[in-house]
Structure formats: C-alpha cells, structure tokens
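First up is the structure itself, then whatever we jot down about it.
Each reported figure results from applying straightforward, stated rules to the coordinates on display, with no laboratory input. Remember, it's a predicted structure, so these values are computed and weren't measured experimentally. Positions of Cβ are backbone-derived with ideal geometry, glycine not excepted, and every protein chain shown enters the neighbour counts.
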Amino acid sequence: MGKMTLAQKIGQMVQTERLSITPEEVKRWHIGAVLSGGGSCPGDNTVQDWVDMNDAYWAASMEEDDGHLAIPVIYGVDAVHGNSNVTQATVFPHNIGLGAARDPDLLEKVAQVTAREILATGVDWTFAPTLAVARNSHWGRTYESYSEDPQIVSSYSGRFVDGLQGNLGTDSVVSCVKHWLGDGGTTDGVDQGDTRLAEEELIRLHAEPYLPALEAGTLTVMVSFNSWMGEKCHGNKYLLTYLLKERLQFDGFIISDWDGIDYLSENYFEAVAMGVNAGIDMFMVSEHWQPFINHLTHHVTRGTVSMQRIDDAVRRILSVKVAFGLFDKPRPAERYWSNHASFGSQEHREVAREAVRKSLVLLKNESGLLPLAKKQRVLVAGKNAHNLGHQCGGFTIAWQGTSGNDFVIGGTSIWEGIQQLAPEAVLSHDGSGRDADPAQHDVAIVVIGETPYAEGMGDIRTGDDVIVQAGSQINGLLKVLEPYGNTMVLADLHPEDLETINTIAATGIPVVTVLISGRPLVANRELDASAAFVAAWLPGSEGQGIADVLFGDENFSGKLSFSWPENPENRKNVGDADYDPLFPYGFGLTY
Ligand code: BGC
C-alpha cells in the first residue's frame with residue numbers, strides 16, 4: 001500500500017460490470033474488480049469464452065510499469081444455485097428447496113460442486129450464499145431464502161461458506177454472504193423496502209445466521225438494498241462499521257449491492273461520501289464508475305472522506321486478495337480447474353439430483369396414491385412439465401430466468417425424468433390435459449405453478465398503497481419494478497393450472513400435482529382437486545430427481561422450511577402468536 005497512489009487506491013474500491021469496461025480500462029484506472037450481472041456473459045457463453053474473458057482482465061491488471069502496479073483483478077458472479085449463468089452448468093435447486101432438505105452435509109457438497117463449476121470459468125468469487133430469512137412470501141426473493149426460520153439458515157450458512165472457500169486453496173472460491181441486513185424482513189415483503197424491527201429482533205431474526213458464516217471466515221459481505229427503520233443499509237454506519245466490522249470483528253471487505261448507493265440521495269456526489277463513510281469498501285457500480293472515481297477523489301481532496309477510511313477499505317480489499325492467494329495464482333487459463341471436464345458432468349449432476357429428491361415436500365397423498373408403479377400408464381400434463389427454464393426459475397442463464405428448453409442445456413425436464421423411469425408415460429400434447437382418457441391413462445402427473453422471476457419483479461403486491469407506504473417510510477429513493485402479481489391465491493394468479501387439474505380430475509383419473517414455485521402459495525382449490533400434491537420449489541436442471549421420488553426409488557424426506565398459508569391474509573411465521581397455517585413449518589409426509 002505504501003507504493004500506491006490515491007488513484008490506484010480508489011480504483012481498487014471499484015467493481016464494474018463487464019459490459020462497461022475493457023481490459024485496457026481496468027489497467028488504466030486500476031480497477032479492483034469486475035462482475036457479470038445476472039445473465040451477462042461473454043461470447044457464446046461457453047466455459048472457454050469465460051476463461052478467455054477472465055484471462056484478458058487478469059493480464060491487464062497484472063501489467064507492471066511506472067504508472068501501474070500488478071494487483072490481480074477479482075471477478076464476481078451470481079452463482080446462487082450452481083454457476084447458473086453459464087451454458088451447460090449444473091443448476092441446483094434454489095435455496096428454498098435446499099431449506100426443505102434440512103441437510104447441512106448436502107449443502108457443503110452443493111457448495112463444493114458450485115465452486116468447481118465457478119473455477120472452471122476462470123472466476124474467483126460468487127455473491128452467495130444468500131442468508132435472507134424471508135418473513136413474508138410476497139417478497140420476490142423468497143426462493144433465495146432457505147427458511148423463514150433463522151435456525152435453518154444458521155445451520156447452513158457456515159457449511160456453505162466452508163464448501164466454497166475450503167482452505168483457500170486450489171479448490172476454493174471467495175464467498176459473499178448477502179444481503180446485510182434485514183433483506184427478508186421488509187414490510188409487506190416489498191423488495192428493497194423497509195424492515196421495521198427493534199434491534200433485538202433484527203439481530204435475532206436476521207443477523208444471527210451470519211455468525212456461522214463469519215466464523216467460517218467468509219471473505220466478503222454484501223450490503224442490502226433495504227432500509228432499517230427508514231434508514232438505508234447502504235448509508236448505515238451503525239450496521240456496517242459498528243455492528244459488522246467492530247462488534248463482529250469482520251475483517252474482510254464489504255461490497256455494495258448493484259448501484260446500491262445511488263438510492264441514498266438524489267445527489268450522487270453526496271451519495272458516494274455517504275456510502276464510503278458508512279463503511280462500504282468496494283462499490284458495485286454498473287456503468288458510471290468514472291463519475292464515482294471523480295467524486296471519491298474530490299471527497300478525499302476536500303476532506304469529506306478521510307484518507308484513513310480509504311486506506312482501511314484498500315487494506316481490506318488487498319487482504320482478501322492475499323488471503324485467497326490471488327497474487328500467487330497463474331493466469332486464469334492456467335489454473336487447475338479452468339475448463340475442467342467436470343463442469344456440468346454426470347458426477348456433478350448426481351449431487352443436484354440428490355438435492356432435488358431431498359427438497360420435495362409431500363403435502364397430500366390420498367389413499368396412498370404415491371408412489372406410482374413404473375408400469376402404470378401415466379399422463380403427464382401442466383405447463384411446467386417439460387420446461388427446463390421454468391423449473392430452474394430466476395438467476396438462470398438470464399437475470400429473470402428463461403422459458404422453454406432451448407437455454408438450459410444438458411439438464412433433464414421433469415417430463416424427461418418421468419419418461420426415463422416409466423416407459424408407458426405420455427406427455428399431454430398441448431399440456432392442457434384435454435387429451436386425458438380413463439381408457440388410456442391410469443393416473444396423471446400435472447406440473448403447474450409459477451414462471452420465472454427475480455428480485456422485485458417477483459414481488460406480489462396487493463395494491464399500490466403498499467408501495468406508497470414503503471416509499472414514505474424510507475429516507476432515500478425506492479426502485480419500483482412491475483410486480484409478478486397481486487395475489488397469493490394460485491387459482492387467481494395462474495387459473496390455467498387449476499383448469500388443467502380439473503379437466504383431468506373430471507374424467508375420474510386421479511391427479512398427482514407437482515407445484516413449481518418460489519414460495520408457498522394459497523393452493524386450497526388445487527389441493528382439493530388433486531389426490532396427491534408435492535411442493536417441488538424450483539428444482540433446477542435435474543428434473544429426474546422428481547421422478548425418483550414419485551415412483552418410489554427414494555422416499556420423501558423434505559419438510560417445509562416455510563409455513564404453508566391457508567388464506568392470503570395469513571402471514572404468520574413459525575413461533576408467531578395466532579399461528580394457524582394450513583401446513584405448519586416442519587410438515588412433510590413420507591411413504
Ligand atoms: C442483487 C444482488 C446481486 C447483484 C449482482 C443485485 O441486483 O440484489 O443479489 O448479487 O445484483 O448481480
């Protein structure tokens with residue numbers, strides 16, 4: 001650090017998106033990190049394209065001359081359920097499904113495989129695991145949460161960090177726990193909204209799951225977009241500096257969320273100082289990194305940001321790079337796991353398939369309809385039966401996910417998995433089930449549910465008053481996106497699903513419903529019309545895991561990590577007063 005100029009120091013504090021920066025600019029401005037936002041990928045999105053891109057950034061950052069010091073750039077991605085931006089990656093169930101599995105050993109394995117598939121692309125860092133404790137399923141990010149109960153999140157957080165970071169050696173990537181703090185606790189489940197809790201409750205529900213992750217040595221923490229009691233986390237010195245760095249003695253670096261400081265003030269110059277002085281060390285700036293650098297430089301010259309604060313941030317960033325061994329690693333293309341054949345391999349997919357099996361929760365099984373016999377004549381229907389995009393959900397190939405079978409390559413749709421085990425099974429020709437015929441079909445599997453979404457675009461917002469209230473509570477700006485829907489009632493949200501179930505049930509064929517969803521939904525009518533009902537969450541690329549359990553090769557073992565509501569007004573979580581869900585937390589039938 002003694003050799004570094006102010007410009008070199010400030011550059012280290014910047015992370016920008018790959019589309020906004022060339023390798024030459026990384027060198028010229030001494031940029032510390034680059035990222036891929038959700039779905040942002042080089043070339044044709046092959047593993048080789050990723051390695052080439054990382055090689056180019058790395059090489060530029062490592063040139064040493066009079067005006068430049070060789071400090072390796074670090075690259076980050078949202079590998080939140082496998083390295084799921086990349087074609088042919090193994091895509092794991094989203095966290096909500098892993099929560100139902102209640103298996104910390106499995107979690108560590110999932111993290112290890114994810115780390116290898118990240119390393120295969122020459123990347124060093126993932127913005128995972130998400131440690132949100134989602135307390136209101138209207139929130140579009142509920143599926144990124146393991147549970148409404150902090151205990152499950154705590155039982156996973158350290159293990160996942162261990163799986164990613166290991167001994168900080170050849171098999172390791174840098175982990176980033178997120179989003180600090182209270183992201184899952186906002187009023188009405190509004191994404192980026194306001195979490196109104198007394199400090200004790202904030203700590204008990206939302207901070208405690210971070211402790212095992214900090215204990216395991218997570219090298220980075222991401223700040224949350226939400227506010228606490230009206231104050232944005234991004235400008236909150238108490239939460240960032242006092243609580244996290246001083247009291248919890250976190251000595252890695254804090255990164256902002258995507259343009260997270262932009263919402264602190266309408267005046268960007270002021271927002272920069274607010275973020276730095278609150279304790280953010282590295283700034284994720286999607287495009288305008290140039291103004292960021294100019295503003296921060298001015299603040300230091302004016303004294304509105306101290307040199308001591310800059311040095312603290314840079315020391316933390318460089319310490320992480322040193323601890324991770326980045327200075328000693330060869331160029332990305334020459335690293336052990338780079339372009340490794342294990343990427344998307346059968347061995348990796350087996351781990352995901354195991355995770356799928358363990359994540360399934362059986363909610364209803366009238367007169368032992370399940371398990372099905374493999375020789376039965378099964379009709380497979382429903383819009384999500386043969387749709388890899390839908391079964392993977394958001395943060396897969398694209399930020400908002402994809403639809404159809406053309407983008408998630410190498411996986412198995414739920415229909416394809418069934419077909420492999422039950423040769424007599426047929427796929428309803430248009431998915432609607434109108435071709436159901438008791439003379440030809442013994443039983444139907446109907447795969448229904450949500451279609452992909454991410455972040456605020458997954459919110460369910462019952463009315464505009466919700467957003468007006470959130471906006472009025474927050475000191476700063478609120479980003480408002482178009483929500484996914486306005487009701488938690490599945491039959492209103494997706495009437496086509498109930499229609500498919502009813503069409504088939506009316507013929508007398510018993511229906512096994514498999515629900516794909518990022519949250520529990522009010523599904524009373526679908527439950528009543530089905531003889532058996534399975535909550536499958538967002539299982540990812542290995543649809544085969546569902547057939548394994550439906551046909552009895554494996555038993556159900558998943559237990560609800562979220563309470564299942566009976567009516568839309570019911571927002572109670574386990575432990576709350578007047579708790580009266582349709583299926584309580586921990587529920588799950590077995591054979
Ligand atoms: C999300 C983060 C994510 C970041 C980078 C943000 O919009 O809130 O969870 O890591 O984008 O893609």
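Tell me the net charge near residue 275. Cut-off is 12 Å between Cβ atoms, residue 275 excluded, with +1 for each Lys or Arg and -1 for each Asp or Glu.
Residues close to residue 275 contribute a combined charge of -2.
Can you compute 3J(HN,Hα) from phi for each residue in segment 11-19, using the Karplus curve 6.51 cos²θ - 1.76 cosθ + 1.60 with θ = phi - 60°, rounded to whole Hz and x for Gly and Pro?
Coupling constants for segment 11-19: x, 4, 7, 10, 10, 10, 7, 3, 6 Hz.
List the aspartates and glutamates whose alpha-carbon lies under 15 Å from that of residue 374, not counting same-chain residues fewer than 8 positions away?
Within the straight-line cut-off, residue 374 pairs with 416, 424, 442, 548, 553, 554.
Could you run the Karplus curve 6.51 cos²θ - 1.76 cosθ + 1.60 with θ = phi - 60° over segment 220-236 and give me ³J(HN,Hα) per residue in whole Hz, x for Gly and Pro?
Ordered by residue, 3J(HN,Hα) equals 9, 9, 9, 6, 9, 5, 6, 9, 10, 6, x, 9, 4, 4, 5, x, 9 Hz.
Only counting other Cβ atoms within 10 Å, I'd like 18, 349 sorted with the fewest neighbours first.
18, 349
What does DSSP give for the chain in terms of the percent of beta bridges that are antiparallel, rounded to the nearest 5?
Details: 10 of 55 bridges.
Taking every DSSP beta bridge within the chain, about 20 percent pair in antiparallel fashion.
Ranked from highest to lowest mean number of other Cβ atoms within 10 Å per residue, what is the order of the peptides 253-265, 202-214?
253-265, 202-214
So which aspartates and glutamates can residue 559 reach, going by Cα to Cα under 14 Å and dropping same-chain residues fewer than 8 places off?
List returned: 103, 148, 149.
Filter the cross-link list 232/572; 364/572; 9/329 down to pairs whose alpha-carbon distance in this structure exceeds 24 Å.
Going by Cα-Cα distance, 232/572 fall outside the 24 Å limit.
Which values, in whole Å and largest first, are the semi-axes of the equivalent ellipsoid of segment 97-187 obtained as the square root of 5 times each eigenvalue of the Cα gyration tensor?
Listed largest to smallest, the semi-axes of segment 97-187 are 24, 14, 10 Å.
Across segment 280-296, in residue order, what do the Karplus-derived ³J(HN,Hα) couplings come to in whole Hz, using 6.51 cos²θ - 1.76 cosθ + 1.60 with θ = phi - 60° and x for Gly and Pro?
Calculated HN-Hα couplings, in order: 6, 9, 10, 10, 7, 10, 4, 9, 8, 5, 5, x, 4, 4, 4, 4, 5 Hz.
Long-range amide H contacts for residue 446: which residues qualify at under 5 Å (H placed 1.01 Å from N, peptide plane, sequence gap of 5 or more or a different chain)?
Under 5 Å from the amide H of residue 446: 381, 512, 513, 514.
Need one number: nm distance between label points at residue 199 and residue 440, each 7 Å from Cα along Cα→Cβ, rounded to one decimal.
Roughly 6.8 nm, to one decimal.
Sticking to Cα atoms, compute the Rg of the chain to one decimal and its Dmax as the biggest Cα-Cα distance, whole number, in Å.
24.0, 83
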